[in-house]
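First comes the structure, then the notes that go with it.
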Amino acid sequence: MKNEKTIPILPQQKRFVTYEMREESKGCQNVGIVLKLEGNTDIKRFDEILEKLVKMNDAFFVRMVSNPDGTISQKFCDDYEFHWIRHDMTAFSESERQQKAFSDAEQEVCQKTDIFHEPLFAFHLYEISEHCVLLLIKANHTIVDGPSFSAIYAQLADFWNQKIPPAVCTWKEFVAWETELIASEKGKQSLEYWKSNNVSEISVSVPKLSGISAEEKSIPLEMLKKTSRLYKTSIFNVMLYLYTVSLAELFEQETFSVNCTMTNRFEESMRYMVGLTTHSFPYVLKDISKSLPSELIAETKKQMRESFSNFYTGEYTILSPFTLSYFSETVKLPEWNGLTVTQYPCNGSQNYRDMTYTLFCKEKKDVLELEINTDRTVFTQDFDNVLFAKIKNKLCQISGKER
């Protein structure tokens, strides 16, 4: 595969590619990040660091290919050229510039991407003033994940600081490594593990809710830490339990399954690479109303231990539209010399046209922020509020505290 320009796609890419192939959901996998930089914003230096960033990451040159046999591959296109697409916002009043730039960036991320004929990345620079710019890195989920944006941020910062970033695994190398792993005897055993779990498909209807009070979208981290110590488990396992039993109660189900995500970046060279390394795998709880919280949390711990060595083949048995993704502040990103940098995530249209519903949990200082990614024509904000209220009530119950 070393010199091949066309290589297979990985299992974690297939689901996202399928969405982009449907006309009604095209563009739903667009994602982005906006970096607001204030200080000595030398525009020429931004051109230089982007050039270095592009040379370091072969994933920027990938697009999807539809084969005659109906399968999908990914191809490296050497003729792609990347530069900052500049937007001069100085024609607007000082009070309007930033708001207009953010609005334009959000609209840009929602623009559909033809994953078979266009680059899957785009770079935009919004000039706010002599000492302030916004950088938009737009990409498609078929090739990137959350850690990829952290990698892009860190590499840009190193280049800005005139440092050489650590060498990283290329996307082509990663695809070859994971393809070989899945086809190995270990990979076959891992697939058998998921097949033996008998995960059943989740089939539910969205409840009709209205007039629900708004709910705070965060949970005190200290409360979660105390609860995790009480049950001798991780905060992730506590949140996974709370999310699953709350959904089960909302949908009046005794058995409920959600998907977990785990990124395959355990090798040092993969930590700051750009590419879709994150896998989804199923987790299921049964006899929920008949079991004690301690029993269900113990079952959660057991499943997560077993899943840890099998997560990279979990996509083959994904049957639930509900997912939990957890982000902790374990990696400290570098600062930019002479600049103050603020990050803003930027989601695409989210027009999934199905029941896809993902809870993102992000550790931020003293709280765990909760964010939902879903199609708002399917799930309303009222559903989120009821879910958040249930999660917090159940946390109070298992921690022994009044809400």
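Nothing in this text is a laboratory measurement; each read-out follows from the coordinates by a stated rule. Small disclaimer: the values here were computed from a predicted structure and weren't measured. Methodologically, a virtual Cβ is constructed for each residue, glycine included, from the backbone with ideal geometry; neighbour enumeration extends over all protein chains shown.
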Can you tell me the length gained on complete extension of the stretch L333 to T255, counting 0.36 nm per residue apart and subtracting the Cα distance?
24.1 nm
Is there a quick way to get the dipole size of the chain? I mean about its Cα centre, with the Cβ of Lys and Arg at +1 and of Asp and Glu at -1; what is the value in debye to the nearest 20?
1160
For the chain, the charge dipole (Cβ of Lys, Arg +1; Cβ of Asp, Glu -1; about the Cα centre) points to a positive end, and the Cα of L368, C346, S269 closest to that extreme belongs to L368
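Remind me, relative contact order of the chain in percent, using alpha carbon pairs under 8 angstrom and six or more residues apart? Working shown, then result.
Details: 694 pairs, mean separation 96.6, N = 403.
Taking the mean separation of contacting Cα pairs over the length of the chain, I get 24 percent.
Size of the dipole of segment 6-171 about the Cα centre, Lys and Arg at +1 and Asp and Glu at -1 on the beta carbon, nothing else charged, in debye to 20? Before the final figure, lay out each step's value.
Values: 17 positive and 25 negative charges, 95 e Å.
So the magnitude is around 460 debye.
Determine the shape class of segment 319-403: with a ≥ b ≥ c the square roots of the Cα gyration tensor eigenvalues, call it rounded for a/c under 1.5, and otherwise prolate if a/b is greater than b/c, oblate otherwise. Walk me through the intermediate numbers first.
Numbers: a/c = 2.44, a/b = 1.23, b/c = 1.98.
Since a/c reaches 1.5 but b/c is at least a/b, the shape of segment 319-403 is classed as oblate.
Rounded to the nearest whole Å³, what is the per residue volume of the convex hull around the Cα atoms of segment 76-132? Each step should come with its number before you reach the end.
Values: hull volume 5.1 nm³, N = 57.
That works out to 90 Å³ per residue.
With the Cα gyration tensor of segment 168-232 giving a ≥ b ≥ c as the square roots of its eigenvalues, does the rule (a/c under 1.5 for rounded; else a/b larger than b/c for prolate; else oblate) give rounded, prolate or oblate? Could you put the intermediate results ahead of the total?
Details: a/c = 2.11, a/b = 1.69, b/c = 1.25.
Judged from the Cα gyration tensor, segment 168-232 comes out prolate (a/c at least 1.5, a/b above b/c).
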When the helix-only estimate is applied to the chain (DSSP H runs of n ≥ 4, each -39,500 (n - 2.57), divided by the residue count), what is the mean residue ellipticity at 222 nm, nearest 500 deg cm²/dmol?
-11500 deg cm²/dmol
How big is Rg to Rh over segment 206-326, alpha-carbon atoms, Rh as the Kirkwood inverse-mean-distance radius?
1.00
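Ranked by Cβ crowding within 10 angstrom, fewest neighbours first, how are H124, H83 ordered?
Numbers: H124 20, H83 12.
Exposure proxy ranking, most exposed first: H83, H124.
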Go ahead and set up a Gaussian network model of the chain, Cα springs under 10 Å, then flag whichever of T261, T317, T380 fluctuates most.
T380
10 Å-binned pair-distance histogram of segment 53-190 (Cα, whole percent):
10, 31, 33, 18, 6, 2, 0
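Going by the alpha-carbon gyration tensor, a ≥ b ≥ c the square roots of its eigenvalues, is segment 1-44 rounded (a/c under 1.5) or, if a/c is not under 1.5, prolate (a/b greater than b/c) versus oblate? Kindly include the intermediate steps, with their values, before the conclusion.
Values: a/c = 3.64, a/b = 1.58, b/c = 2.31.
It comes out oblate by the Cα gyration axes.
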Taking the Cβ of each residue in E315, E94, E106 as the centre, tally the other Cβ atoms inside 10 Å and list the residues starting with the fewest.
E94, E106, E315
For the pair N40 and T18, what calculated FRET efficiency results from E = 1/(1 + (r/R0)^6), where r is the Cβ-Cβ distance and R0 = 35 Å, to the nearest 0.05?
0.20
Separation between the T6 and K163 pseudo-spin-labels, each 7 Å from Cα along Cα→Cβ, expressed in nm?
4.2
